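Peer 1: Right, I'll just put the structure down here and ask away after.
The values are calculated or read from the model by the stated rules, or taken from the named source; none is laboratory data. Predicted model, so just to flag it, every value in this text is computed and none were measured. Positions of Cβ are generated from backbone atoms using ideal geometry, with glycine treated the same way; all protein chains shown enter the neighbour counts. Remember, those area values only see protein heavy atoms, side chains included, never the ligands or the DNA or RNA. Shrake-Rupley method; radii C 1.70, N 1.55, O 1.52, S 1.80 Å.
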Amino acid sequence: YAAMHLMAPVVAWGLGSCLLHVLLLACGAPVFHLVLETYGLGCWLALLTVVPCAAIHGCDGSRFLDICILGNGMQRQDTVCHHVFWGTIVGCWLGAVPIPLDWDAPWQRWPTPCLWGSAIGALGALSAAIGASKKVKQVGS
């Protein structure tokens, strides 16, 4: 049982990477050009979104949907997973905003702004979730 619980984040990361790669392609990422960079972004996003929930709850798709996407978790770590999931996704989406601008800056090339946006979004959401959970704990004490 312990080995299966330890393998869940690895399996979730592999499946999430492939799924997010396809999702990135569906959202307009380069299909034939920069394929490895797009897959790398998918791996990064899976690491920030799927792996934390899988490390806590295992590879249960319905539980992932319920906690991360819908936010119906009952425990504090479920709330953190939900916030980090959406912070990462929104940060990646907002990171794509400067890509079509005509600046030709090195930091503007695909997928660098999305990587930075997702990291900043995940850290911001994590900070907000931890701050909110501390506030709830202080009020409840």
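Peer 1: Taking only region 1-28 into account, find how many residues are over 17 Å from the mean Cα position of the chain (by Cα) and either surrounded by 21 or more Cβ atoms within 10 Å (Cβ to Cβ) or not small (Gly, Ala, Ser) (or both).
Peer 2: Count: 5.
Peer 1: State yes or no: is Asp60 of a type outside the set (Gly, Ala, Ser), surrounded by 15 or more Cβ atoms within 10 Å (Cβ to Cβ) and out of contact with any helix residue (DSSP H, G or I) (no Cβ under 7 Å at 6 or more places or on another chain)?
Peer 2: no
Peer 1: Sticking with this one: Open to solvent by 40 Å² or more (accessible area, probe 1.4 Å) and within 21 Å of Cys53 (Cβ to Cβ): is that true of Ile130 in this structure?
Peer 2: So Ile130 fits the description; yes.
Peer 1: Please state which of the following conditions Cys18 fails to meet, knowing it meets all the rest: (1) under 17 Å from Ser118 (Cβ atoms); (2) without any contact (Cβ under 8 Å) to a residue 60 or more places away in the chain.
Peer 2: Of everything listed in (1) under 17 Å from Ser118 (Cβ atoms); (2) without any contact (Cβ under 8 Å) to a residue 60 or more places away in the chain, Cys18 misses just condition (1).
Peer 1: Taking the residues in region 90-109 that are among the aliphatic types (A, V, I, L, M) and in contact with a Phe, Trp or Tyr (Cβ under 9 Å, 6 or more places away or on another chain) as candidates, determine which candidate is nearest to Leu23 (Cα to Cα).
Peer 2: Only one residue tops the list, namely Ala96.
Peer 1: Just to be sure before I move on: is Asp66 of a type in the set (Asp, Glu) and open to solvent by 70 Å² or more (accessible area, probe 1.4 Å) in the structure I sent?
Peer 2: Judged against the criteria, Asp66 is not a match.
Peer 1: Taking the conditions exactly as written (small (Gly, Ala, Ser) and either touching a Lys or Arg at 6+ places or on another chain (Cβ under 8 Å) or on the phi > 0 side of the Ramachandran plot (or both)), does Gly124 satisfy them or not?
Peer 2: no
Peer 1: Here's a follow-up. Condition first: buried (at least 16 other Cβ atoms within 10 Å of the Cβ) and more than 13 Å from Leu15 (Cα to Cα). Now tell me which residues in region 38-57 satisfy that.
Peer 2: Once the filter is applied, which keeps residues that are buried (at least 16 other Cβ atoms within 10 Å of the Cβ) and more than 13 Å from Leu15 (Cα to Cα), region 38-57 yields Thr38, Leu41, Leu48, Pro52, Cys53, Ala55, Ile56, His57.
Peer 1: Of all residues in region 70-94 being in contact (Cβ under 8 Å) with a residue 40 or more places away in the chain and over 13 Å from the mean Cα position of the chain (by Cα), which is most open to solvent (accessible area, probe 1.4 Å)?
Peer 2: Within region 70-94, the match that is most open to solvent (accessible area, probe 1.4 Å) is Arg76.
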